[in-house]
1. At 1.4 Å probe radius, can you tell me the per residue accessible area of segment 243-297 in Å²?
2. Averaged per residue, what accessible area in Å² does segment 108-175 show with a 1.4 Å probe, protein chains only?
3. If you average 1/r over every pair of different alpha-carbon atoms in segment 91-232 and take one over that average, what Kirkwood value in Å do you get?
4. Considering every pair of different Cα atoms, what Kirkwood radius, in Å, is found for the chain?
5. At a Förster distance of 45 Å, what's the computed FRET efficiency of N262 paired with S222, Cβ-Cβ distance as r, to 0.05?
6. Spin-label point model (7 Å from Cα, Cβ direction): what's the E301 to S30 distance in nm?
7. Using Cα atoms only, what is the angle between the long axis of helix 247-259 and the major principal axis of the chain, expressed in degrees (0 to 90) to the nearest 10?
8. Write down the percent of antiparallel bridges among all DSSP beta bridges whose residues are both part of the chain, to the nearest 5.
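The values are calculated or read from the model by the stated rules, or taken from the named source; none is laboratory data. The shown structure was predicted, so the numbers you read here are calculated from the model rather than taken from an experiment. No Cβ is skipped: glycine too gets one built from the backbone with ideal geometry, and neighbour counts run over all protein chains shown. Keep in mind that these areas ignore ligands, DNA and RNA; they rest on the heavy atoms of the full protein, side chains included. Shrake-Rupley method; radii C 1.70, N 1.55, O 1.52, S 1.80 Å.
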Amino acid sequence: MGKYPRVLIVNAQSIYKKNATGITLQSIWSEWDADCLLEIYSDPMVMDESNHKFKSYCISPNNVIRLARGRVAQSINSNIKATNTQQRSNNKIKSYLRQFAVCELDSLAVKLDESTLEAIRVFQPQAIYTLGASVSILRLVNKLSVQLNIPVIMHFMDNWAEHIQWEDNPLLSLYKSSLKKKMLACIKRCKLVVTISSSMAEAYHEKFQKETLVLMNTVDISRFKGLTSKDTGVIHFVYAGGLHLDRWKALREIALSIQQTNGKGILDIFTSKDNIELYRSGFETLPVAFYEAVPHERIDEVYQKADVLVHTEIESENLKGFFKYSISTKIPEYLATGKPILFYGPRDMKLFEYLLQNQVALTLSLIHISEPTRLGMI
(Lines give C-alpha, C1' and ligand atoms only; values in the text may rest on other atoms or scores of the structure.)
Protein backbone atom coordinates (compact mmCIF):
# COMPACT_ATOMS: atom_id res chain seq x y z
CA MET A 1 0.00 0.00 0.00
CA GLY A 2 3.02 2.30 -0.23
CA LYS A 3 2.99 2.76 -4.00
CA TYR A 4 -0.12 4.97 -4.17
CA PRO A 5 -1.68 7.42 -1.71
CA ARG A 6 -4.81 6.10 0.01
CA VAL A 7 -7.80 7.95 -1.45
CA LEU A 8 -11.31 8.09 -0.02
CA ILE A 9 -13.83 8.65 -2.83
CA VAL A 10 -16.97 10.46 -1.63
CA ASN A 11 -19.78 11.12 -4.12
CA ALA A 12 -23.55 11.05 -4.47
CA GLN A 13 -23.37 8.26 -7.05
CA SER A 14 -21.11 5.23 -6.96
CA ILE A 15 -18.17 4.93 -9.31
CA TYR A 16 -19.79 1.65 -10.40
CA LYS A 17 -23.02 3.23 -11.63
CA LYS A 18 -23.57 2.48 -15.31
CA ASN A 19 -23.73 6.05 -16.59
CA ALA A 20 -21.32 8.48 -18.24
CA THR A 21 -19.90 9.70 -14.92
CA GLY A 22 -19.36 6.15 -13.71
CA ILE A 23 -17.59 5.25 -16.96
CA THR A 24 -15.27 8.24 -16.64
CA LEU A 25 -14.47 7.55 -12.98
CA GLN A 26 -13.76 3.88 -13.63
CA SER A 27 -11.38 4.78 -16.45
CA ILE A 28 -9.58 7.35 -14.28
CA TRP A 29 -9.08 5.00 -11.31
CA SER A 30 -8.60 1.74 -13.25
CA GLU A 31 -4.82 1.65 -12.80
CA TRP A 32 -4.83 2.68 -9.13
CA ASP A 33 -3.92 0.14 -6.47
CA ALA A 34 -7.30 -1.24 -5.32
CA ASP A 35 -6.04 -1.49 -1.72
CA CYS A 36 -5.53 2.28 -1.80
CA LEU A 37 -9.13 3.15 -2.69
CA LEU A 38 -12.27 3.24 -0.56
CA GLU A 39 -15.63 4.63 -1.69
CA ILE A 40 -18.69 5.94 0.12
CA TYR A 41 -21.77 7.20 -1.75
CA SER A 42 -25.31 8.28 -0.93
CA ASP A 43 -27.49 7.25 -3.90
CA PRO A 44 -28.52 3.60 -3.40
CA MET A 45 -28.37 1.32 -6.39
CA VAL A 46 -28.67 -2.36 -7.18
CA MET A 47 -25.41 -3.56 -8.64
CA ASP A 48 -23.31 -6.62 -9.22
CA GLU A 49 -20.41 -6.42 -6.78
CA SER A 50 -18.51 -9.34 -8.29
CA ASN A 51 -16.40 -7.05 -10.51
CA HIS A 52 -15.65 -4.39 -7.90
CA LYS A 53 -11.96 -3.65 -7.48
CA PHE A 54 -12.31 -1.96 -4.10
CA LYS A 55 -14.77 -1.65 -1.23
CA SER A 56 -17.82 0.62 -1.50
CA TYR A 57 -20.17 1.67 1.28
CA CYS A 58 -23.60 3.18 0.69
CA ILE A 59 -24.72 5.80 3.20
CA SER A 60 -27.97 4.73 4.85
CA PRO A 61 -30.73 7.24 3.97
CA ASN A 62 -32.76 8.94 6.67
CA ASN A 63 -36.53 8.42 6.86
CA VAL A 64 -37.38 11.50 4.76
CA ILE A 65 -35.11 10.43 1.92
CA ARG A 66 -36.30 6.83 2.19
CA LEU A 67 -39.90 8.01 1.77
CA ALA A 68 -38.97 10.20 -1.20
CA ARG A 69 -37.34 7.23 -2.91
CA GLY A 70 -40.41 5.06 -2.44
CA ARG A 71 -42.38 3.62 -5.32
CA VAL A 72 -45.24 6.15 -5.16
CA ALA A 73 -42.90 9.15 -5.04
CA GLN A 74 -40.84 7.81 -7.95
CA SER A 75 -44.00 7.26 -10.02
CA ILE A 76 -45.10 10.86 -9.43
CA ASN A 77 -41.61 12.10 -10.27
CA SER A 78 -41.53 10.14 -13.55
CA ASN A 79 -44.92 11.47 -14.61
CA ILE A 80 -43.85 15.06 -13.94
CA LYS A 81 -40.63 14.59 -15.91
CA ALA A 82 -42.45 13.03 -18.86
CA THR A 83 -45.09 15.75 -19.17
CA ASN A 84 -42.50 18.43 -18.51
CA THR A 85 -40.39 17.21 -21.42
CA GLN A 86 -43.17 17.33 -23.99
CA GLN A 87 -45.31 20.21 -22.69
CA ARG A 88 -42.77 22.37 -20.91
CA SER A 89 -44.58 25.69 -21.22
CA ASN A 90 -47.70 24.22 -19.58
CA ASN A 91 -45.84 22.49 -16.78
CA LYS A 92 -43.24 25.02 -15.64
CA ILE A 93 -44.72 25.28 -12.15
CA LYS A 94 -44.70 21.48 -11.75
CA SER A 95 -41.14 21.43 -12.99
CA TYR A 96 -40.02 24.13 -10.55
CA LEU A 97 -41.67 22.33 -7.63
CA ARG A 98 -40.08 19.02 -8.58
CA GLN A 99 -36.65 20.66 -8.84
CA PHE A 100 -37.17 22.38 -5.48
CA ALA A 101 -38.10 19.04 -3.85
CA VAL A 102 -35.00 17.35 -5.30
CA CYS A 103 -32.74 20.14 -4.04
CA GLU A 104 -34.35 20.17 -0.59
CA LEU A 105 -33.64 16.45 -0.26
CA ASP A 106 -30.08 17.05 -1.41
CA SER A 107 -29.68 19.65 1.34
CA LEU A 108 -30.42 17.18 4.15
CA ALA A 109 -27.42 16.11 6.18
CA VAL A 110 -26.22 12.53 5.77
CA LYS A 111 -24.87 10.45 8.63
CA LEU A 112 -22.37 7.62 8.37
CA ASP A 113 -23.16 4.46 10.29
CA GLU A 114 -20.63 2.91 12.65
CA SER A 115 -19.48 0.20 10.22
CA THR A 116 -18.65 2.80 7.55
CA LEU A 117 -16.85 5.01 10.07
CA GLU A 118 -14.83 2.02 11.25
CA ALA A 119 -13.92 1.16 7.63
CA ILE A 120 -12.65 4.72 7.14
CA ARG A 121 -10.64 4.59 10.38
CA VAL A 122 -9.01 1.30 9.38
CA PHE A 123 -8.33 2.56 5.84
CA GLN A 124 -6.63 5.74 7.09
CA PRO A 125 -7.16 7.86 3.95
CA GLN A 126 -4.58 10.43 2.94
CA ALA A 127 -6.88 12.46 0.68
CA ILE A 128 -10.57 12.77 -0.25
CA TYR A 129 -11.62 12.80 -3.91
CA THR A 130 -15.06 14.16 -4.80
CA LEU A 131 -17.09 15.46 -7.73
CA GLY A 132 -18.99 17.73 -5.33
CA ALA A 133 -22.15 19.13 -6.99
CA SER A 134 -24.28 18.22 -3.95
CA VAL A 135 -24.87 20.15 -0.72
CA SER A 136 -25.03 17.02 1.42
CA ILE A 137 -21.89 15.51 -0.13
CA LEU A 138 -19.91 18.74 0.10
CA ARG A 139 -20.90 19.09 3.75
CA LEU A 140 -19.77 15.51 4.44
CA VAL A 141 -16.50 15.93 2.52
CA ASN A 142 -15.60 19.09 4.43
CA LYS A 143 -16.44 17.44 7.77
CA LEU A 144 -14.33 14.36 7.03
CA SER A 145 -11.46 16.47 5.72
CA VAL A 146 -11.37 18.50 8.95
CA GLN A 147 -11.78 15.51 11.27
CA LEU A 148 -9.14 13.42 9.49
CA ASN A 149 -6.94 16.43 8.75
CA ILE A 150 -6.47 15.45 5.10
CA PRO A 151 -6.79 17.50 1.87
CA VAL A 152 -9.63 17.44 -0.64
CA ILE A 153 -9.29 16.86 -4.38
CA MET A 154 -12.28 18.42 -6.16
CA HIS A 155 -12.97 17.21 -9.71
CA PHE A 156 -15.27 19.48 -11.72
CA MET A 157 -16.91 17.73 -14.69
CA ASP A 158 -19.52 20.44 -15.30
CA ASN A 159 -19.78 24.14 -14.54
CA TRP A 160 -22.03 23.72 -11.49
CA ALA A 161 -19.71 26.00 -9.51
CA GLU A 162 -21.16 28.94 -11.43
CA HIS A 163 -24.31 27.69 -13.13
CA ILE A 164 -26.55 24.79 -12.07
CA GLN A 165 -28.83 23.01 -14.55
CA TRP A 166 -31.91 24.67 -13.01
CA GLU A 167 -30.48 28.18 -12.89
CA ASP A 168 -33.78 29.82 -13.91
CA ASN A 169 -35.79 28.35 -11.02
CA PRO A 170 -36.68 31.23 -8.65
CA LEU A 171 -37.27 28.75 -5.80
CA LEU A 172 -33.64 27.67 -5.69
CA SER A 173 -31.85 30.86 -4.64
CA LEU A 174 -31.18 29.59 -1.11
CA TYR A 175 -30.09 26.20 -2.42
CA LYS A 176 -27.62 27.77 -4.86
CA SER A 177 -26.23 29.96 -2.09
CA SER A 178 -25.78 26.93 0.17
CA LEU A 179 -24.16 24.90 -2.64
CA LYS A 180 -21.58 27.59 -3.34
CA LYS A 181 -20.88 28.16 0.35
CA LYS A 182 -20.21 24.45 0.93
CA MET A 183 -18.13 24.29 -2.26
CA LEU A 184 -15.88 27.17 -1.16
CA ALA A 185 -15.38 25.51 2.22
CA CYS A 186 -14.11 22.40 0.41
CA ILE A 187 -12.01 24.44 -2.01
CA LYS A 188 -10.15 25.89 0.97
CA ARG A 189 -9.22 22.32 1.89
CA CYS A 190 -7.94 21.63 -1.66
CA LYS A 191 -4.34 21.60 -2.74
CA LEU A 192 -5.39 20.61 -6.25
CA VAL A 193 -8.51 21.25 -8.34
CA VAL A 194 -9.12 18.80 -11.20
CA THR A 195 -11.12 19.87 -14.25
CA ILE A 196 -12.64 18.13 -17.27
CA SER A 197 -11.07 20.46 -19.86
CA SER A 198 -8.18 22.88 -20.34
CA SER A 199 -10.54 25.84 -20.73
CA MET A 200 -12.12 25.00 -17.37
CA ALA A 201 -8.67 24.66 -15.83
CA GLU A 202 -7.73 28.17 -16.98
CA ALA A 203 -10.98 29.69 -15.71
CA TYR A 204 -10.95 27.87 -12.36
CA HIS A 205 -7.27 28.55 -11.70
CA GLU A 206 -8.11 32.24 -11.88
CA LYS A 207 -11.37 31.80 -9.94
CA PHE A 208 -10.03 29.72 -7.04
CA GLN A 209 -6.30 30.53 -7.13
CA LYS A 210 -5.50 26.82 -6.88
CA GLU A 211 -3.28 24.52 -8.90
CA THR A 212 -5.38 22.83 -11.60
CA LEU A 213 -5.06 19.54 -13.45
CA VAL A 214 -6.98 18.53 -16.60
CA LEU A 215 -8.38 15.02 -16.49
CA MET A 216 -11.11 13.79 -18.84
CA ASN A 217 -12.29 10.29 -19.73
CA THR A 218 -9.25 8.12 -20.48
CA VAL A 219 -9.68 5.31 -23.00
CA ASP A 220 -7.83 2.26 -24.20
CA ILE A 221 -7.15 3.31 -27.79
CA SER A 222 -6.50 -0.27 -28.91
CA ARG A 223 -10.11 -1.12 -28.03
CA PHE A 224 -11.56 1.42 -30.49
CA LYS A 225 -8.93 1.92 -33.18
CA GLY A 226 -9.57 0.19 -36.51
CA LEU A 227 -13.34 -0.30 -36.13
CA THR A 228 -14.59 -0.42 -39.72
CA SER A 229 -18.24 -0.40 -40.82
CA LYS A 230 -19.74 -2.51 -43.61
CA ASP A 231 -20.45 -0.75 -46.89
CA THR A 232 -24.25 -0.85 -47.20
CA GLY A 233 -24.64 2.01 -49.67
CA VAL A 234 -26.23 4.07 -46.88
CA ILE A 235 -24.27 6.42 -44.64
CA HIS A 236 -24.96 5.56 -40.99
CA PHE A 237 -24.85 8.52 -38.61
CA VAL A 238 -24.67 7.02 -35.10
CA TYR A 239 -25.62 8.70 -31.84
CA ALA A 240 -25.21 6.81 -28.58
CA GLY A 241 -26.55 8.43 -25.43
CA GLY A 242 -29.51 10.04 -23.71
CA LEU A 243 -32.13 12.16 -25.45
CA HIS A 244 -32.86 14.22 -22.34
CA LEU A 245 -31.66 17.80 -21.80
CA ASP A 246 -33.41 18.57 -25.12
CA ARG A 247 -30.76 16.72 -27.15
CA TRP A 248 -33.61 15.05 -29.05
CA LYS A 249 -34.44 18.42 -30.64
CA ALA A 250 -30.98 18.80 -32.16
CA LEU A 251 -30.99 15.16 -33.29
CA ARG A 252 -34.32 15.79 -35.02
CA GLU A 253 -32.73 18.65 -36.94
CA ILE A 254 -29.95 16.33 -38.06
CA ALA A 255 -32.52 13.73 -39.14
CA LEU A 256 -34.43 16.35 -41.13
CA SER A 257 -31.23 17.27 -42.97
CA ILE A 258 -30.42 13.59 -43.63
CA GLN A 259 -33.92 13.21 -45.07
CA GLN A 260 -32.96 15.62 -47.84
CA THR A 261 -30.36 13.12 -49.12
CA ASN A 262 -33.20 10.93 -50.46
CA GLY A 263 -32.29 7.66 -48.80
CA LYS A 264 -28.50 8.02 -48.81
CA GLY A 265 -28.26 8.37 -45.04
CA ILE A 266 -29.86 7.26 -41.79
CA LEU A 267 -29.53 8.31 -38.17
CA ASP A 268 -29.09 5.37 -35.78
CA ILE A 269 -29.92 6.29 -32.18
CA PHE A 270 -28.80 4.00 -29.36
CA THR A 271 -30.51 5.03 -26.13
CA SER A 272 -32.44 3.70 -23.16
CA LYS A 273 -35.80 1.97 -23.55
CA ASP A 274 -37.47 4.77 -21.59
CA ASN A 275 -36.00 7.39 -23.93
CA ILE A 276 -37.17 5.46 -26.98
CA GLU A 277 -40.73 5.32 -25.66
CA LEU A 278 -40.70 8.99 -24.66
CA TYR A 279 -39.18 10.55 -27.78
CA ARG A 280 -39.83 8.19 -30.72
CA SER A 281 -42.97 10.07 -31.79
CA GLY A 282 -40.89 13.17 -32.50
CA PHE A 283 -39.02 11.31 -35.27
CA GLU A 284 -41.93 9.81 -37.19
CA THR A 285 -41.46 9.73 -41.01
CA LEU A 286 -37.76 10.62 -40.59
CA PRO A 287 -34.80 8.37 -41.57
CA VAL A 288 -34.14 7.30 -37.98
CA ALA A 289 -33.68 3.86 -36.45
CA PHE A 290 -33.89 3.38 -32.68
CA TYR A 291 -31.93 0.72 -30.80
CA GLU A 292 -31.76 -0.02 -27.10
CA ALA A 293 -28.52 1.06 -25.48
CA VAL A 294 -25.92 -1.65 -25.05
CA PRO A 295 -23.72 -2.12 -21.96
CA HIS A 296 -20.60 0.00 -22.14
CA GLU A 297 -18.47 -3.14 -22.37
CA ARG A 298 -19.99 -3.55 -25.87
CA ILE A 299 -19.99 0.09 -26.99
CA ASP A 300 -17.31 -0.67 -29.58
CA GLU A 301 -19.97 -2.71 -31.45
CA VAL A 302 -22.08 0.45 -31.73
CA TYR A 303 -19.17 2.57 -32.91
CA GLN A 304 -18.21 -0.05 -35.48
CA LYS A 305 -21.61 0.36 -37.18
CA ALA A 306 -21.02 4.08 -37.69
CA ASP A 307 -19.79 5.86 -40.78
CA VAL A 308 -20.14 9.14 -38.85
CA LEU A 309 -20.30 9.48 -35.05
CA VAL A 310 -22.67 12.17 -33.77
CA HIS A 311 -22.66 14.30 -30.63
CA THR A 312 -24.94 17.22 -29.95
CA GLU A 313 -25.91 19.84 -27.39
CA ILE A 314 -28.87 22.20 -27.40
CA GLU A 315 -29.04 26.01 -27.53
CA SER A 316 -30.30 26.75 -24.02
CA GLU A 317 -29.05 29.49 -21.73
CA ASN A 318 -29.53 27.27 -18.67
CA LEU A 319 -27.95 24.12 -20.06
CA LYS A 320 -25.28 25.97 -22.01
CA GLY A 321 -24.04 27.62 -18.83
CA PHE A 322 -23.90 24.28 -17.03
CA PHE A 323 -22.04 22.52 -19.87
CA LYS A 324 -19.91 25.55 -20.75
CA TYR A 325 -16.55 23.81 -20.22
CA SER A 326 -17.65 20.16 -20.37
CA ILE A 327 -16.24 17.45 -22.61
CA SER A 328 -18.55 14.46 -22.89
CA THR A 329 -17.39 10.98 -21.90
CA LYS A 330 -18.06 9.92 -25.49
CA ILE A 331 -15.70 12.42 -27.13
CA PRO A 332 -12.39 10.68 -26.23
CA GLU A 333 -13.95 7.37 -27.33
CA TYR A 334 -15.13 8.89 -30.61
CA LEU A 335 -11.65 10.32 -31.24
CA ALA A 336 -10.04 6.96 -30.51
CA THR A 337 -12.01 5.30 -33.35
CA GLY A 338 -10.49 7.58 -35.98
CA LYS A 339 -13.92 7.89 -37.61
CA PRO A 340 -15.51 11.15 -38.82
CA ILE A 341 -17.26 13.04 -36.01
CA LEU A 342 -20.19 15.44 -36.37
CA PHE A 343 -20.73 17.85 -33.50
CA TYR A 344 -23.87 19.98 -33.64
CA GLY A 345 -24.26 22.53 -30.90
CA PRO A 346 -23.79 26.12 -29.73
CA ARG A 347 -20.69 27.75 -31.12
CA ASP A 348 -19.80 29.42 -27.82
CA MET A 349 -19.41 26.10 -26.00
CA LYS A 350 -15.79 25.26 -25.21
CA LEU A 351 -16.29 21.77 -26.65
CA PHE A 352 -17.10 23.38 -30.01
CA GLU A 353 -13.92 25.44 -29.74
CA TYR A 354 -11.86 22.39 -28.71
CA LEU A 355 -13.01 20.26 -31.66
CA LEU A 356 -12.73 23.10 -34.17
CA GLN A 357 -9.26 24.29 -33.13
CA ASN A 358 -7.86 20.76 -33.14
CA GLN A 359 -9.59 19.99 -36.46
CA VAL A 360 -10.86 16.62 -35.27
CA ALA A 361 -14.57 16.96 -36.09
CA LEU A 362 -17.05 18.58 -38.44
CA THR A 363 -18.53 21.30 -36.24
CA LEU A 364 -21.97 22.69 -36.95
CA SER A 365 -23.53 25.53 -35.02
CA LEU A 366 -27.16 25.71 -34.01
CA ILE A 367 -29.02 28.40 -35.94
CA HIS A 368 -32.62 28.25 -34.71
CA ILE A 369 -34.02 25.19 -33.00
CA SER A 370 -37.49 26.30 -34.12
CA GLU A 371 -36.40 26.00 -37.77
CA PRO A 372 -35.47 22.31 -37.89
CA THR A 373 -34.40 22.14 -41.54
CA ARG A 374 -31.49 24.56 -41.10
CA LEU A 375 -28.00 23.46 -40.16
CA GLY A 376 -25.40 26.19 -40.19
CA MET A 377 -21.94 24.85 -41.01
CA ILE A 378 -18.95 26.72 -39.64
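1. 50
2. 44
3. 17.5
4. 22.3
5. FRET efficiency, N262 to S222: 0.70.
6. So the two model labels end up 1.9 nm from each other.
7. Approximately 20 degrees, to the nearest 10.
8. Taking every DSSP beta bridge with both residues in the chain, the antiparallel ones total about 5 percent.
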